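The values are calculated or read from the model by the stated rules, or taken from the named source; none is laboratory data. All of these numbers come straight from a predicted model, not from anything done at the bench. Neighbour counts run over all protein chains shown; Cβ positions are idealised from the backbone, glycine included. Accessible surface areas use protein heavy atoms only, side chains included; no ligands, DNA or RNA. Shrake-Rupley method; radii C 1.70, N 1.55, O 1.52, S 1.80 Å.
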Amino acid sequence: MERIGFRMRLRPGQEAEYRRRHAAVWPELLADLRAAGASNYSIFLDGEDLFGYLEVDDFERFRTVMVASEANTRWQPEMAALIDPLTDPATGFHRRMDEVFHLD
């Protein structure tokens with residue numbers, strides 16, 4: 001299992017809408033995330049900084065499944081107005097953070 005930490009940035013004035021949308025994430029998107037092997041997925045907010053954490057069985061498989069997800073294809077443009085995803089051009093995913101400590 002891989003533990004993935006990543007960053008995003010909330011656009012100014014978008015906190016209420018971001019919270020509203022994440023309080024009602026589409027069931028089909030949740031199903032696709034699970035089918036891609038994601039678990040223990042959380043997003044934290046600190047001012048305009050967003051920190052995401054998830055666990056995946058295989059990051060490359062996760063990315064492949066999510067790129068093919070119709071729900072994710074619809075969700076991402078919806079989020080683009082609310083966040084800067086801080087995408088890493090090498091992976092097409094958010095900028096991952098280096099894990100420097102873990103207590104199991």
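Among what's in region 18-40 and is over 27 Å from D57 (Cα atoms) and out of contact with any Leu (no Cβ under 6 Å at 6 or more places or on another chain), pick the residue that is surrounded by the most Cβ atoms within 10 Å (Cβ to Cβ). So the residue we want is R19. Among the residues that make up region 26-39, is at least one of them of a type in the set (D, E), more than 13 Å from the chain's Cα centre (by Cα) and modelled with pLDDT under 95? Checked region 26-39: no residue is of a type in the set (D, E), more than 13 Å from the chain's Cα centre (by Cα) and modelled with pLDDT under 95. Candidates E60, E15: the one that is closer than 15 Å to M1 by Cβ and without any contact (Cβ under 8 Å) to a residue 40 or more places away in the chain is E60. Residues of region 1-17 that are in a loop (DSSP other than H, G, I, E, B), of a type outside the set (A, V, I, L, M) and open to solvent by 70 Å² or more (accessible area, probe 1.4 Å): R11, P12, G13. Of the residues contained in region 62-83, one or more are found to be among the small types (G, A, S), at pLDDT below 95 and open to solvent by 60 Å² or more (accessible area, probe 1.4 Å). Annotation: E48 fulfils all but one of (1) free of Cβ contacts under 8 Å to residues at least 40 places away in the same chain; (2) of a type in the set (D, E, K, R); (3) farther than 13 Å from R7 by Cβ; (4) open to solvent by 70 Å² or more (accessible area, probe 1.4 Å); the unmet one is (3).
Mind counting the residues in region 84-97 that are in contact (Cβ under 8 Å) with a residue 12 or more places away in the chain and open to solvent by 100 Å² or more (accessible area, probe 1.4 Å)? Selection size over region 84-97: 2. If you go through region 85-94 and pick out every residue that is out of contact with any Leu (no Cβ under 8 Å at 6 or more places or on another chain) and in a strand (DSSP E or B), you end up with 3.
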